[in-house]
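The values are calculated or read from the model by the stated rules, or taken from the named source; none is laboratory data. The structure presented is a predicted model; accordingly, all values stated were derived computationally and were not measured. With ideal geometry, Cβ positions are generated from the backbone for all residues, glycine too; neighbour counts draw on all protein chains shown. Just the protein is used for accessible areas: all its heavy atoms, side chains included, with ligands, DNA and RNA removed. Shrake-Rupley method; radii C 1.70, N 1.55, O 1.52, S 1.80 Å.
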Amino acid sequence: MRQGAKQYVVARPLYSEESFAEEHAKVYRHRKTMLDHIKQYFTCDAKRAKNAALSLLPVIGWMKMYRIKEWLLSDIVSGVSTGLVAVLQGLAYCLLASLPPWYGLFSAFFPVIIYFFLGTSRHISVGKASIYAALVPDEGPPANITGFEGLSMDQQRVLVASSVTFLAGLMQLAMGVLQVGFVVMYLSDTLVSGFTTAAAIHILVSQLKFVLGLQVRGISGPLAIIYTLEEIFSKITSTNVCDVVISLVIMVAVFIVKELNDRFKSKLPVPIPIEVIMTVIACGVSYAFNFSEKYGIEIVGHIPKGYESPMAPNLHIFQETAVEAFPMAIVGFAVAFSVAKVYSVKHDYTIDGNQELIAFGVSNIFGASFKSFAASTALSRSAVQESTGGKTQVAGLLSAIIVMIVTLAIGFLLNPLPKSVLGAVVIVNLKGMLMQFRDIPYLWRRDRPDCVVWLGTCIASILLGLDLGLAVGLGVELVSVVLRTQFPRCSVLANIKGTDIYRDRKDHTDIFEPNGVTIFRIPSPIFFANIEFFRSKLVEAVGFNPLRVLRKRNKAVRMIRKLLKKGDLQWTSKGFMNTSCGPIKESEDESNMEDLDLPTDFKDLPARIDWNGELPSNIVVPRVDIHSLILDFAAVSFLDISALKGLKTALKELIRVEVEVYIVACDPYILEKLHNCCFFDDEVQPSMFFVTLHDAMLHIIEKHPDSTEKKSDFDKVKKRI
């Protein structure tokens, strides 16, 4: 023992679970039934009403703690930067989906206003998700739906997109009200990192057409990214050099200034709004030198003023798209929550999954009424909002105001803006998410199953699309969890000399192991999927198969009985002695084979057989070198019915070959379940349960004092209680 080490000494009786329960009475606690939970859920009082109002309007909570002097200027800069990007993205994404460009501005305004009041994330920028317009294909006749009569192709697309958005919003709102936001618990940090990295790659590829000045059709579905890249490279010779030069200049300038912002953020009052500066410069230069006509650069073009009157969704479209709207609602929420989770961890605050569902549900319902399209998290805009210094959703509100100003008044100023500027700004702001590739070596060294989840999610999301990729990622993650619990790392423990501490015997040299005692630990719940693994590892730990030994012993007892009856075997003070001249033949009697699994019956025998002693010739029974087995259940959080049956069978097999079994550190609720399920009988008794591992060890040593080679070893162990 090192000098100056702190010590503690505890003097108490040795406790089994039964003796502990007798000495320390347990307080009875009424457990709520399902009916009690339902009543509590629907009970309302003043305090609960106040808390409900605050939870439904998170803006009240964070506005109370808003630091005007520290945050307002950063939020203004971030809001203006994000607003300009929102304008450009809204226009570009609508063009990408073959929709009238100005409808993208509606998606950057209405959902953002609602999310400001109802959302719990302070950093995500709400915007359009993938637009669902499969009912109106690029080629061929539209679907036969009532309400399409007399509408142009663009009007049909707008009607489909807004109606499906309304339906997805209803689904999200219903899930939020029903409190099913717990599903987000299955989105681990590793899965979120791989998923957002893949999303960033999708965005990067989608922006290449603008950066290169190419005309590339929108492609969706599995392997869409491959087909898009194939089309881009097939048209690479048509690249607009002016677009490429503008994009490179923008990217280099934005990258350098953002690096300076990060390096000198402690000295700068607010980050330099380089995106805004470069957008203004690009607009001015494009207008002055007439880039559109001279160099054939694609520009934003005409933006109509004002908003359109609200409209009701088309119920006939609901019937056609209900199956597709549900995964759209789930994926849209999953994307938003994944990004929100990244920023909440980075900036140390919490987000509420149920409230996020409500926020996006109401945003989509309200936005769809004004011909806005499905809202989720605009990944690149969220990167812009956070990286330009945004502190709260005040930045989001200001970005919506910028969009509104452009829509109502100054949209014409953006007419000469090259679309390549948008692509360049978006790509630079993806740096943070793309740098998550650095997580791979770290995860591979620290936790390979987690690394497989990251890679599986990322690769599947890249190749199959974000919706199928997320499903694959969840599948890989759940399989990883199941495999870890189905095949846990079981171990044999030993006592650390002079302490009451027990560790894996392979990890330490200064250990104390009494003869004939094995301590087996399973570090996971025991259930139907891993009970056989548990039993196989237990057989491996004790060094023999108890059922095989039991059958061999019962066969041996049958043979000994027959030999004694025939007179070929006699009992003497020195043991059994053969009286026949020839060798003893092993019995081939196969009758009553089921009796071989019952406890060994020594009646009609002159003495109890010492199975580790000398047996009559030709009678061979595997040796059992242990007399006691301790099962450490400290990490076992639950047992199901299949596990109970398998555990009881394993215990009985061990007990029937004269091995004393003790179970330690069992959760009280598991112990109660064992009683309720009639687990105990004449063989498996409650007395085998002990409070701690050390209690069981001391009990065994006192019962089998010959287990310790030296009395000093026993004294050391005994004193540490």
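In whole Hz, with x marking every Gly and Pro, tabulate ³J(HN,Hα) for segment 464-469 from phi via Karplus 6.51 cos²θ - 1.76 cosθ + 1.60, θ = phi - 60°.
9, x, 5, 5, 5, x
Starting from the Cα of residue 30, step 7 Å toward the Cβ, then list every residue of segment 39-61 with an amide N under 14 Å from that point.
Only 39-40 fall inside the zone, counting backbone N under 14 Å.
Reachable lysines from residue 32, Cα under 23 Å, same-chain residues fewer than 8 places away excluded?
In chain and number order, the partners are 47, 673.
If I take every Cα pair under 8 Å that is 6 or more residues apart in the chain, average their sequence separation and divide by the length, what percent do I get for the relative contact order?
Relative contact order comes out at 20 percent.
Take the cross-link list 555/648; 265/431; 565/652; 209/341; 258/341 and give me the ones stretching past 27 Å between alpha-carbons.
Too far apart for the 27 Å limit: 565/652; 209/341.
Which value, in debye to the nearest 20, gives the size of the charge dipole of the chain about its Cα centre, when Lys and Arg are +1 and Asp and Glu are -1 at the Cβ? Mind dumping the intermediate values first?
On the way: 73 positive and 69 negative charges, 341 e Å.
Dipole of the chain, to the nearest 20 debye: 1640 debye.
Residue-wise, which Karplus ³J(HN,Hα) couplings in Hz belong to segment 204-213, taking 6.51 cos²θ - 1.76 cosθ + 1.60, θ = phi - 60°, and x for glycine or proline?
4, 5, 5, 8, 4, 4, 6, 5, 8, x
Accessible area per residue for the chain in Å², computed with a 1.4 Å probe and the full protein assembly in place, what is it?
Value returned for the chain: 51 Å² of accessible area per residue.
In whole Hz, with x marking every Gly and Pro, tabulate ³J(HN,Hα) for segment 499-512 from phi via Karplus 6.51 cos²θ - 1.76 cosθ + 1.60, θ = phi - 60°.
Along segment 499-512, the couplings run 9, 9, 9, 10, 9, 4, 5, 7, 9, 9, 10, 8, 10, 10 Hz.
Show the residues, 5+ positions off or on another chain, whose built amide H is closer than 5 Å to the amide H of residue 376.
127, 128, 129
For the chain, what does -39500 (n - 2.57) per DSSP helix run (n ≥ 4), summed and divided by total residues, give at 222 nm, in deg cm²/dmol to the nearest 500?
The per-residue figure over the chain is -17500 deg cm²/dmol.
Against the empirical 2.2 N^0.38 Å scaling, what ratio does the C-alpha Rg of segment 345-445 come to?
1.35
Evaluate the distance, in nm, between pseudo-label points positioned 7 Å from the Cα of residue 618 and of residue 564 along their respective Cα→Cβ axes.
Simple spin-label model gives 1.9 nm for this pair.
What figure, in Å² to the nearest 10, do you get for the accessible area of residue 347 with a 1.4 Å probe and non-protein molecules left out?
Here the residue's solvent-accessible area equals roughly 70 Å².
What's the carbon and sulfur percent of the chain's accessible surface, probe 1.4 angstrom, rounded to a whole number?
Here it works out to 61 percent.
Just need log10 I(q)/I(0) for the chain at q = 0.05 Å⁻¹, Debye formula, equal scatterers on the alpha-carbon atoms, no solvent, rounded to two decimals.
-0.42
Long-range amide H contacts for residue 503: which residues qualify at under 5 Å (H placed 1.01 Å from N, peptide plane, sequence gap of 5 or more or a different chain)?
The answer is 494, 496.
Applying a 10 Å radius around every beta-carbon, put 225-231, 455-461, 368-374 in order of their mean neighbour count, most first.
Descending mean neighbour count gives 368-374, 455-461, 225-231.
Using only Cα positions of segment 252-411, each an equal point scatterer, no hydration layer, compute I(q)/I(0) via Debye at q = 0.10, 0.18 Å⁻¹ and quote the log10 values to two decimals.
Values returned for q = 0.10, 0.18 Å⁻¹ are -0.56, -1.30.
Given H placed on each backbone N at 1.01 Å, which residues far from residue 689 in sequence or on other chains put an amide H within less than 5 Å of it?
17, 663
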